[in-house]
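Structure first, then comments.
The values are calculated or read from the model by the stated rules, or taken from the named source; none is laboratory data. Computed from a prediction, not measured in an experiment: that's the story for all the values here. Backbone-built Cβ (ideal geometry, glycine too); neighbour counts: all protein chains shown.
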């Protein structure tokens, strides 16, 4: 059994004390700690990770391993490996590799919880940086994918799914559906929510915007949404728009949408076979379209605190809320019987140690 002490964020608030754990947490015990105690947060749970550490999820096994190692160093203890819109054979290859990594975690890695299928059932006029392989919904193909790996989340455009047939099929299989890469109007979004859609993928980006006469996807999300993800690199979405969504959406949460460029020097990388260019903290296609991010979850936390969000609230939206969305109730929280997934930080919110399922995977 291992022990660690500090200022601990639990589901009921801050506790100054000690955590006793093996692969799961035995108990959290209040006790005296020094004023300069380390901060212990639930491990970050990232539901949107196309890459990292030079690895693009679409490139398969070795790339996913690099991605899992890079993000673990930055406090992500579990994540959904995220595919991009691509020909079916490429998606199958990626999904099979995701499954292989998910069942055999290496000590240095974050736990892969399954697949976030971003497309290909999206609006070809709202691709953002997605490759141009959007297609009509195909329930038979989704059924095949479910035999290869655990699909946990699917991003789709409801206007491209007549009668929301795919949405309803996924919902019956307990696969979370988020609306994204969509030009849907307000009423189409309301109907999709009524038919089982749970949230919104990278809110504001690659979707019909809020207009006071045409509220679009964004307006419907702010008026009726519960869960929604935002990329808090402060490039995709301005601080004021993040705070507006924070006031409107009960379960706003945050993701990196990190590409292979995350954790890497400036230069060229791959996103589903496309060349992307990292410059500073941002990633672009050659035409200057934003192409995912180079964000890590520890930097996301620091960004959120910098725009005025309370540390505990920001941490909750990087861990507990995304874990709950996909039904991972033993992750993203520090309490008895939960997995011993946590990130240890100094007061400046720099990462000191990261534990995944009770094992230290990174130490500065």
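What the table below lists for this structure:
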| item | result |
| --- | --- |
| Flag for residue 189 being more than 18 Å from residue 130 (Cβ to Cβ), buried (at least 21 other Cβ atoms within 10 Å of the Cβ) and either touching a strand residue (DSSP E or B) at 6+ places or on another chain (Cβ under 9 Å) or touching a residue at least 60 places away in the same chain (Cβ under 8 Å) (or both) | yes |
| Filter result for the condition that a residue is free of Cβ contacts under 8 Å to residues at least 60 places away in the same chain, within 23 Å of the chain's Cα centre (by Cα) and either surrounded by 15 or more Cβ atoms within 10 Å (Cβ to Cβ) or closer than 27 Å to residue 299 by Cβ (or both), over 7, 93 | 93 |
| Pairs where the first residue, in segment 340-364, is on the phi > 0 side of the Ramachandran plot and modelled with pLDDT of 95 or more and the second is surrounded by 23 or more Cβ atoms within 10 Å (Cβ to Cβ) and part of a loop (DSSP other than H, G, I, E, B), C-beta under 7 Å, 6+ apart | 357/341 |
| Of all residues in segment 226-244 being touching a residue at least 60 places away in the same chain (Cβ under 8 Å) and closer than 21 Å to residue 153 by Cα, the one that is surrounded by the fewest Cβ atoms within 10 Å (Cβ to Cβ) | 227 |
| Per-region count, segment 73-84, residues part of a loop (DSSP other than H, G, I, E, B) and either more than 17 Å from the chain's Cα centre (by Cα) or surrounded by fewer than 24 Cβ atoms within 10 Å (Cβ to Cβ) (or both) | 0 |
| Which listed residue is farther than 19 Å from residue 60 by Cα, surrounded by 19 or more Cβ atoms within 10 Å (Cβ to Cβ) and either touching a helix residue (DSSP H, G or I) at 6+ places or on another chain (Cβ under 9 Å) or modelled with pLDDT under 95 (or both), from 158, 124 | 158 |
| For residue 223: the one exception among (1) closer than 29 Å to residue 327 by Cβ; (2) buried (at least 21 other Cβ atoms within 10 Å of the Cβ) | (2) |
| Residues (touching a helix residue (DSSP H, G or I) at 6+ places or on another chain (Cβ under 8 Å) and farther than 14 Å from residue 112 by Cα) located in segment 333-364 | 333, 343, 345, 349, 350, 351, 354, 361, 362 |
| Hits in segment 29-61 - residues which are in contact (Cβ under 8 Å) with a residue 40 or more places away in the chain, surrounded by fewer than 19 Cβ atoms within 10 Å (Cβ to Cβ) and touching a strand residue (DSSP E or B) at 6+ places or on another chain (Cβ under 8 Å) | 38 |
| Residues satisfying the stated conditions in segment 10-26, i.e. in a strand (DSSP E or B) and surrounded by fewer than 14 Cβ atoms within 10 Å (Cβ to Cβ) | 13, 14 |
| Only listed residue being in a helix (DSSP H, G or I), surrounded by fewer than 24 Cβ atoms within 10 Å (Cβ to Cβ) and free of Cβ contacts under 8 Å to residues at least 60 places away in the same chain, chosen from 247, 213 | 247 |
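Here's the yes/no breakdown for (1) out of contact with any strand residue (DSSP E or B) (no Cβ under 8 Å at 6 or more places or on another chain); (2) more than 26 Å from residue 353 (Cβ to Cβ):
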residue: 241; (1), (2): yes, yes
residue: 254; (1), (2): no, no
residue: 268; (1), (2): no, yes
residue: 271; (1), (2): no, yes
residue: 295; (1), (2): no, no
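Here's the yes/no breakdown for (1) touching a helix residue (DSSP H, G or I) at 6+ places or on another chain (Cβ under 6 Å); (2) within 30 Å of residue 231 (Cβ to Cβ):
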site: 6; (1), (2): no, yes
site: 11; (1), (2): no, yes
site: 27; (1), (2): no, no
site: 37; (1), (2): no, no
site: 51; (1), (2): yes, yes
site: 55; (1), (2): yes, yes
site: 60; (1), (2): yes, yes
site: 92; (1), (2): no, yes
site: 105; (1), (2): no, yes
